[in-house]
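Visitor: Starting off with a structure, shown below.
The values are calculated or read from the model by the stated rules, or taken from the named source; none is laboratory data. None of the values given here were measured: they were computed from a predicted structure. Here the Cβ positions follow ideal geometry from the backbone for every residue, glycine too, while neighbour counts run over all protein chains shown.
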Ligand code: GP9
Ligand code: MN
């Protein structure tokens with residue numbers, strides 16, 4: 001072993017000596033001057049862009065994006081060696097210009113949008129206008145011109161070399177060898193970079209919507225390359241299979257009437273009212289009506305539940321698009337797409353949505369969220385969904401004092417939103433607002449800002465000598481689940497304040513408020529087990545032979561992912577508890593019946609029509625009914641009622657779920673709701689119009 005090590009050491013020393021002796025580095029530099037200058041200026045520009053746009057210490061010290069930039073420009077630059085003489089120089093110049101342009105455009109775009117540019121946005125004409133304006137408005141700012149200087153240096157250097165007529169003319173073999181060595185070097189740097197990535201970084205890169213995060217980790221060039229792939233991919237896949245998709249779509253909706261053909265006790269009960277929707281971040285059913293030592297986690301929500309209409313078996317239906325998937329499903333009664341997310345990849349499709357149908361009824365429609373407008377590509381997608389205006393972070397005052405977790409605290413957000421709502425109510429007759437909260441977002445670690453809320457368990461224990469003692473066992477203190485309840489308690493308090501402020505402003509009269517949790521909080525199952533099986537005397541889990549032990553399985557965990565849905569009005573026109581199994585896609589038809597609009601293409605149903613016969617399909621093919629939760633990956637199920645199931649029950653529901661997911665996906669990918677699409681023309685022809 002020792003011998004091996006000393007051999008290895010000798011080898012390295014010999015190689016270093018050889019490099020010194022043969023002056024390998026200096027001769028490489030001499031031989032590849034322009035290539036190295038090209039690499040240098042491209043990396044300098046990308047680094048400057050990050051420093052100017054996101055000036056944080058983390059960014060200054062971040063080495064990863066520099067490695068990524070070197071890999072990208074080296075690999076692209078390596079192809080220059082395949083060209084002869086001057087052409088090799090021209091190739092590098094073209095790429096140096098492209099990379100400089102990427103930095104300049106993104107710099108200007110960032111000033112305007114506090115995010116980075118996407119080619120998918122440029123495909124929309126209205127964006128060309130806005131982006132064009134943004135570039136023009138900012139082009140004279142020094143920080144945007146900075147990137148030009150390294151390029152000017154490159155051009156100067158290029159001319160100096162060409163004047164001296166120093167184009168190296170290599171033989172074909174030598175050129176190919178240089179290409180090979182350079183691309184291998186670039187490949188090795190790329191490999192080292194990829195190996196250094198965490199799973200979170202990889203998943204964010206694949207999803208591509210959190211642009212600042214990606215540029216900070218992957219550099220601007222890799223971001224832009226990935227952006228092109230992510231933007232063009234869906235357009236290409238939509239080019240194949242249109243006819244089959246159209247046929248399937250027509251068959252699926254074939255026998256549906258164009259107008260709603262039923263009425264029930266809820267028909268038009270909310271017609272003409274203003275509507276405020278609260279998309280409550282990560283609000284999970286487990287928090288509702290839960291107490292710790294007699295103190296409610298959600299006193300305000302519990303009150304609203306008692307006064308309004310509460311849906312106790314309601315599920316969100318999200319895929320990788322989490323919040324944005326809920327926004328899609330809630331607003332359109334469609335399912336999340338099978339690849340990518342609708343918000344990012346299919347924001348330019350036509351959607352039949354609640355805001356667009358309410359707009360037809362004279363409503364002013366808007367959405368509010370205090371995060372960056374590009375988060376989940378909301379700026380573009382909310383417009384596609386029919387919102388007249390999106391009030392994003394830029395319209396709120398955010399300072400260090402009012403930040404919790406991801407951004408502006410819910411309390412400050414609601415207070416500022418009420419001011420906006422006052423103005424909206426003065427200016428518009430009827431309005432529909434979709435308000436997205438933020439504070440109750442994973443990882444729930446800002447506990448010192450949530451206010452006091454103990455997740456302990458007070459209990460009386462009997463000591464060995466027979467005396468009794470009151471103790472406060474830690475219970476969920478220090479766990480993620482415990483911190484979650486503290487966070488929800490804060491979110492509930494913020495909601496309570498919002499209702500008070502709304503009431504003071506007289507904005508609750510003639511208004512319906514719809515509140516729902518957007519998805520579960522992604523909490524560890526082991527901590528649920530602790531919650532249900534905690535023994536305060538031992539500060540540990542109960543043993544399985546304890547008669548009160550709850551056998552908490554994976555199905556219980558899935559069922560616990562349900563979220564609350566409440567429809568509340570001040571005058572209590574709708575109230576009571578609804579226990580039917582219901583999904584996010586059922587909201588549109590259910591509230592449509594109440595508000596007086598109808599969407600023939602909704603995939604969900606008015607819950608007051610389907611009642612106990614409803615089925616909630618999840619994007620992964622799982623489904624739940626009032627009788628059964630079915631796991632399609634494992635082919636396993638859990639019965640939820642003591643009822644005998646017909647042998648075809650699973651097969652039929654599986655077929656239903658698959659068909660629904662397929663039609664939903666195709667409708668979005670192939671833009672089948674677009675009246676100008678080929679589909680419409682064909683169906684019109686078949687109707688003889
Ligand atoms: C971001 C917020 C959270 O603005 O809506 O999104 P999520 O991580 O829940 O999808
Ligand atoms: Mn969310």
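Visitor: Are there any strands (runs of 3 or more DSSP E) wholly within the range 445-536 with 1 or more residues that are away from ligand 1 (no atom under 16 Å from the Cβ) and modelled with pLDDT under 95, and if so which?
Guide: In the range 445-536, 457-462, 468-473 are the strands (runs of 3 or more DSSP E) which contain 1 or more residues that are away from ligand 1 (no atom under 16 Å from the Cβ) and modelled with pLDDT under 95.
Visitor: For the range 478-504, give me the residue count where each residue is closer than 28 Å to residue 539 by Cβ and surrounded by fewer than 16 Cβ atoms within 10 Å (Cβ to Cβ).
Guide: 1
Visitor: Could you list all residues from the range 590-604 that are within 19 Å of residue 430 (Cβ to Cβ) and in contact with a strand residue (DSSP E or B) (Cβ under 9 Å, 6 or more places away or on another chain)?
Guide: 591, 594, 595
Visitor: Further question: For residues that are assigned to a loop (DSSP other than H, G, I, E, B), modelled with pLDDT of 95 or more and within 12 Å of ligand 1 (Cβ to nearest atom), tally how many sit in the range 349-394.
Guide: Number of matching residues: 2.
Visitor: Moving on to the next point. What tally of residues in the range 357-373 results from selecting those that are under 29 Å from residue 402 (Cβ atoms), away from ligand 2 (no atom under 16 Å from the Cβ) and surrounded by 21 or more Cβ atoms within 10 Å (Cβ to Cβ)?
Guide: 2
Visitor: With respect to the numbered conditions (1) within 26 Å of residue 331 (Cα to Cα); (2) at pLDDT below 95; (3) part of a helix (DSSP H, G or I), which one is the sole condition not fulfilled by residue 676?
Guide: (3) is the only condition that residue 676 fails.
Visitor: Here's something else I'd like to know. Of 385, 408, which residue is in contact with a helix residue (DSSP H, G or I) (Cβ under 8 Å, 6 or more places away or on another chain) and more than 16 Å from ligand 2 (Cβ to nearest atom)?
Guide: When all the criteria are applied, what remains is 385.
Visitor: While we're here: Within the range 250-270, can one find any residue that is surrounded by 20 or more Cβ atoms within 10 Å (Cβ to Cβ), in contact (Cβ under 8 Å) with a residue 24 or more places away in the chain and within 30 Å of the chain's Cα centre (by Cα)?
Guide: Looking for residues that are surrounded by 20 or more Cβ atoms within 10 Å (Cβ to Cβ), in contact (Cβ under 8 Å) with a residue 24 or more places away in the chain and within 30 Å of the chain's Cα centre (by Cα), one finds none in the range 250-270, hence no.
Visitor: Here's another thing I want to ask about it. So if I check each of 395, 354, 337, 350, which one is closer than 23 Å to residue 620 by Cα and either buried (at least 24 other Cβ atoms within 10 Å of the Cβ) or more than 16 Å from ligand 2 (Cβ to nearest atom) (or both)?
Guide: Just one listed residue meets the conditions, 337.
Visitor: Another question, then. If the Cβ limit is 8 Å and pairs must be 6+ apart or interchain, which residue in the range 313-326 that is closer than 17 Å to residue 440 by Cβ pairs with which residue that is within 8 Å of ligand 2 (Cβ to nearest atom) and in a helix (DSSP H, G or I)?
Guide: Matching pairs, first to second residue: 316/326; 318/326.
Visitor: Right, here's the next one. Looking at the range 258-265, is at least one residue within 16 Å of ligand 1 (Cβ to nearest atom), on the phi < 0 side of the Ramachandran plot and in contact with a helix residue (DSSP H, G or I) (Cβ under 9 Å, 6 or more places away or on another chain)?
Guide: There is no residue in the range 258-265 that is within 16 Å of ligand 1 (Cβ to nearest atom), on the phi < 0 side of the Ramachandran plot and in contact with a helix residue (DSSP H, G or I) (Cβ under 9 Å, 6 or more places away or on another chain).
Visitor: Now a separate question. Can you spot a residue in the range 525-534 that is surrounded by fewer than 16 Cβ atoms within 10 Å (Cβ to Cβ), in contact (Cβ under 8 Å) with a residue 24 or more places away in the chain and in contact with a strand residue (DSSP E or B) (Cβ under 9 Å, 6 or more places away or on another chain)?
Guide: Within the range 525-534 (the criterion being surrounded by fewer than 16 Cβ atoms within 10 Å (Cβ to Cβ), in contact (Cβ under 8 Å) with a residue 24 or more places away in the chain and in contact with a strand residue (DSSP E or B) (Cβ under 9 Å, 6 or more places away or on another chain)), the answer is no, since none of the residues qualifies.
Visitor: Any idea which of 243, 255 is over 24 Å from residue 626 (Cα atoms), away from ligand 1 (no atom under 16 Å from the Cβ) and part of a loop (DSSP other than H, G, I, E, B)?
Guide: Among 243, 255, only 255 is over 24 Å from residue 626 (Cα atoms), away from ligand 1 (no atom under 16 Å from the Cβ) and part of a loop (DSSP other than H, G, I, E, B).
Visitor: Test of understanding: among 587, 574, 563, which residue is touching a strand residue (DSSP E or B) at 6+ places or on another chain (Cβ under 9 Å), in a loop (DSSP other than H, G, I, E, B) and crowded, with 22+ Cβ neighbours inside 10 Å?
Guide: The unique qualifying residue is 563.
Visitor: Report whether or not residue 308 is modelled with pLDDT under 95 and at negative phi.
Guide: no
Visitor: Have a look at 164, 180 and point out the one that is over 30 Å from residue 393 (Cα atoms) and modelled with pLDDT under 85.
Guide: 164
Visitor: Continuing with this model, one more query. Out of (1) free of Cβ contacts under 8 Å to residues at least 12 places away in the same chain; (2) within 16 Å of ligand 2 (Cβ to nearest atom), what's the single condition that is false for residue 551?
Guide: (2)
Here is a yes/no grid of residues against (1) within 24 Å of residue 450 (Cα to Cα); (2) over 19 Å from the mean Cα position of the chain (by Cα); (3) more than 16 Å from ligand 2 (Cβ to nearest atom); (4) not assigned by TED's automatic domain parsing to the domain that holds residue 677:
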position: 316; (1), (2), (3), (4): no, no, no, no
position: 321; (1), (2), (3), (4): no, no, no, no
position: 333; (1), (2), (3), (4): no, no, yes, no
position: 376; (1), (2), (3), (4): no, no, no, no
position: 402; (1), (2), (3), (4): yes, yes, yes, no
position: 414; (1), (2), (3), (4): yes, yes, yes, no
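Visitor: On the given criteria, is residue 315 in contact with a strand residue (DSSP E or B) (Cβ under 8 Å, 6 or more places away or on another chain), farther than 22 Å from residue 572 by Cβ, at pLDDT 95 or above and within 14 Å of ligand 1 (Cβ to nearest atom)?
Guide: no
Visitor: A further question on this structure: Listed residues 478, 506, 466; which is free of Cβ contacts under 8 Å to residues at least 12 places away in the same chain and within 30 Å of residue 429 (Cβ to Cβ)?
Guide: Exactly one residue qualifies, and that residue is 506.
Visitor: Which residues, counting only those in the range 538-553, are touching a strand residue (DSSP E or B) at 6+ places or on another chain (Cβ under 8 Å) and either surrounded by 13 or more Cβ atoms within 10 Å (Cβ to Cβ) or under 23 Å from residue 442 (Cβ atoms) (or both)?
Guide: 541, 542
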